[in-house]
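Peer 1: Just passing along the structure, written as structure tokens.
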Amino acid sequence: MGIIRPRVPQVFHRSTNTIARVTIFGALIVVAAAGYGLALVNRSSYVTTAGLAIEQPVPFSHRHHAGELGIDCRYCHTSVEISAKAGIPPTQTCMNCHKQIWSDSPMLEPVRASFRTDASIPWVKVHDLPDFVYFNHSIHIAKGVGCETCHGRIDHMNLTWQQNSLQMEWCLECHRRPERYVRPKEEVFKMGWQPPNGDQLALGRELLEANRVHPKTDCDTCHR
Amino acid sequence: MSSRVMARALGVAAFGLALVAAPGCRQDMHDQPKYVPYRGSRFFKDGRSARPRIPGTVSRGERDDDTLLVTGKADGKLAEVFPEPVTLAMLERGHQRFDIFCSPCHDRAGTGQGMIVMRGYKQPTSFHDERLRGMPPGYFFDVISNGFGVMPSYAAQVPVADRWAIAAYVRALQLSQHATVADVPAESRTAFLEGKTLDPKTGLPMQDAAPPDGRAAGSGHE
């Protein structure tokens, strides 16, 4: 018996097989690459605004006040230990010192104007969680999470910027394993703190025990 | 290139762009139409959503019945006593609050040479001055609440209980600069004169002779 040849003439060239294969796998690669690109963009400072110094109506410098002058965070952010909000200081707080010091500096004119007219200084928000997220400073301070852990070296910033992404994965990364970050309660306001013998994990585990630190990861912890 | 291929290519490009731009969108649920702290208002003339207190009202928990506690005065005169017994916890709280709110000008020892004074602020009298050593506790409470000369009032930053705690700590600071050997408990005096460290809580010599932890003595900022 001879070979039965197909009646249909060969429409496609043999190379088409390769092209088809390349297209199928190629599509997968393109989708994966797009997903990866998306994830990169989503975490970039373009989206999160992390690392971008924000222009303010008054060029207030934490480096100057908190760093060089050594003023404690709580002098200005008075409610950080007792409420959800750390609080932005009212104009009166600036005037405590600036009524006398640098009292005719042009840089401080908006502060004086605000004091005269009782209009608020329009500070631009640096951090802004979406309204559907619940965050509370006081619990973090009470359980030994340092300002520095979330806000970075504020005492080195001339204009303030956001250090971390504030995305959900960032919150969860700590809520799942807080021993990597917690510090003794009296070190919370200190910038540049290091675990005394370099062993954060051992100290962290002790502190979790001593201060009964158990952050939750249930959705209704942060979305209520 | 045919126009159909062009159109398709454009479509793919547009889709890709939309995909990349999507996470940048911040929509309704991010910024809900409600007042949250520090969010402005277009309804009120001063542009603030936080409303000032209506004149003549008293907020819950704000006590104005106990004049000694709230004014630092008894029978119109500065109080010679504290409204409640001074405890170690109160002194520790006062220490912490003093370092936050007073030390920028009065410095940690109360001599009046804080960082802000170094930068040109008027130098206050040292707390160890004879006149101030003779002042009753109510005086310190009064100065924190109402200010004194060029020093502003700290009533907005320091709540009533903390003002008393600071007043108690200022008293402790004053005593610390004028302590004599007679103030050391009799049973520890020999050890003290030999140069041994005493436990601040019990007043007895420290059990182990290890030097105090240098780390805790840091000033809080580098």
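The values are calculated or read from the model by the stated rules, or taken from the named source; none is laboratory data. Note that this is a predicted model, so its numbers are computed, not measured. Neighbour counts are summed over all protein chains in view; Cβ atoms, including those assigned to glycine, are modelled from backbone coordinates with ideal geometry. Ligands, DNA and RNA are excluded from the accessible area calculation, which covers all protein heavy atoms including side chains. Shrake-Rupley method; radii C 1.70, N 1.55, O 1.52, S 1.80 Å.
Peer 1: Return the residues of the range A:183-210 that are open to solvent by 40 Å² or more (accessible area, probe 1.4 Å), in a loop (DSSP other than H, G, I, E, B) and more than 10 Å from chain B (Cβ to nearest Cβ); say none if nothing qualifies.
Peer 2: A:Asn197, A:Gly198, A:Asp199
Peer 1: In the range A:127-157, which residues are in contact (Cβ under 8 Å) with a residue 60 or more places away in the chain and either part of a helix (DSSP H, G or I) or open to solvent by less than 50 Å² (accessible area, probe 1.4 Å) (or both)?
Peer 2: Residues satisfying the conditions are A:Val133, A:Ile141, A:Ala142, A:Gly144, A:Cys147, A:Ile154, A:Asp155, A:His156, A:Met157.
Table: residues versus (1) under 19 Å from the mean Cα position of the chain (by Cα); (2) acidic (Asp, Glu); (3) more than 17 Å from A:Ile101 (Cβ to Cβ).
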residue	(1), (2), (3)
B:Arg97	yes, no, yes
B:Ile100	yes, no, yes
B:Pro104	yes, no, no
B:Asp107	yes, yes, no
B:Gly114	yes, no, no
B:Lys122	no, no, no
B:Ser145	yes, no, yes
B:Met151	yes, no, no
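Peer 1: Taking the condition of being at the interface with chain B (Cβ under 9 Å from one of its Cβ atoms), in contact with a Ser or Thr (Cβ under 9 Å, 6 or more places away or on another chain) and in a loop (DSSP other than H, G, I, E, B), how many residues in the range A:36-70 meet it?
Peer 2: Residues flagged as at the interface with chain B (Cβ under 9 Å from one of its Cβ atoms), in contact with a Ser or Thr (Cβ under 9 Å, 6 or more places away or on another chain) and in a loop (DSSP other than H, G, I, E, B) within the range A:36-70 amount to 1.
Peer 1: Does A:Gln163 count as touching a strand residue (DSSP E or B) at 6+ places or on another chain (Cβ under 8 Å), in the same structural domain as A:Ile82 (by TED's automatic domain parsing) and either within 30 Å of A:Gln92 (Cα to Cα) or surrounded by 15 or more Cβ atoms within 10 Å (Cβ to Cβ) (or both)?
Peer 2: yes
Peer 1: Could I ask something else about it? How do the helices (runs of 4 or more DSSP H) wholly within the range B:51-159 filter down when requiring 2 or more residues that are touching a Cys at 6+ places or on another chain (Cβ under 9 Å): which remain?
Peer 2: Counting at least 2 such residues, we get B:103-106, B:115-118.
Peer 1: Just one of (1) surrounded by 11 or more Cβ atoms within 10 Å (Cβ to Cβ); (2) in a helix (DSSP H, G or I); (3) under 32 Å from the mean Cα position of the chain (by Cα); (4) not small (Gly, Ala, Ser) trips up A:Ile19, so point out which.
Peer 2: (3)
Peer 1: Something else about it: Can you name every residue in the range A:187-212 that is over 15 Å from A:His140 (Cβ atoms) and acidic (Asp, Glu)?
Peer 2: A:Asp199, A:Glu206, A:Glu209, listed by residue number.
Peer 1: On to the next question. Taking the range A:60-119, which residues are acidic (Asp, Glu) and over 23 Å from the mean Cα position of the chain (by Cα)?
Peer 2: Within the range A:60-119, A:Glu68, A:Asp104, A:Glu109, A:Asp118 meet the criteria.
Peer 1: Follow-up. Residue by residue through the range B:80-98, note down the ones that are over 12 Å from B:Asp162 (Cβ atoms) and touching a residue at least 40 places away in the same chain (Cβ under 8 Å).
Peer 2: Passing the criteria: B:Glu80, B:Val81, B:Phe82, B:Pro83, B:Glu84, B:Val86, B:Leu88, B:Leu91.
Peer 1: I would also like to ask the following. Here is a list: B:Ala165, B:Ala179. Which entry is away from every other protein chain (no Cβ under 14 Å) and at pLDDT 95 or above?
Peer 2: B:Ala165
Peer 1: Also, quick follow-up: Determine whether A:Arg74 is farther than 20 Å from A:Glu148 by Cβ and either facing another protein chain (nearest Cβ under 8 Å) or not hydrophobic (A, V, I, L, M, F, W, C) (or both).
Peer 2: Considered against the rule, which asks whether it is farther than 20 Å from A:Glu148 by Cβ and either facing another protein chain (nearest Cβ under 8 Å) or not hydrophobic (A, V, I, L, M, F, W, C) (or both), A:Arg74 comes out as no.
Peer 1: Between A:Val124, A:Val111, which is open to solvent by 30 Å² or more (accessible area, probe 1.4 Å) and closer than 24 Å to A:Trp161 by Cα?
Peer 2: Criteria check complete, one pass: A:Val124.
Peer 1: Which numbered condition trips up B:Glu84, out of (1) out of contact with any helix residue (DSSP H, G or I) (no Cβ under 8 Å at 6 or more places or on another chain); (2) of a type in the set (Asp, Glu); (3) closer than 19 Å to B:Phe140 by Cβ; (4) open to solvent by 70 Å² or more (accessible area, probe 1.4 Å)?
Peer 2: Checking B:Glu84 against (1) out of contact with any helix residue (DSSP H, G or I) (no Cβ under 8 Å at 6 or more places or on another chain); (2) of a type in the set (Asp, Glu); (3) closer than 19 Å to B:Phe140 by Cβ; (4) open to solvent by 70 Å² or more (accessible area, probe 1.4 Å), the one that fails is (1).
Peer 1: Of all residues in the range A:77-108, which are surrounded by fewer than 15 Cβ atoms within 10 Å (Cβ to Cβ), more than 8 Å from chain B (Cβ to nearest Cβ) and assigned to a helix (DSSP H, G or I)?
Peer 2: Those that are surrounded by fewer than 15 Cβ atoms within 10 Å (Cβ to Cβ), more than 8 Å from chain B (Cβ to nearest Cβ) and assigned to a helix (DSSP H, G or I): A:Pro106, A:Met107.
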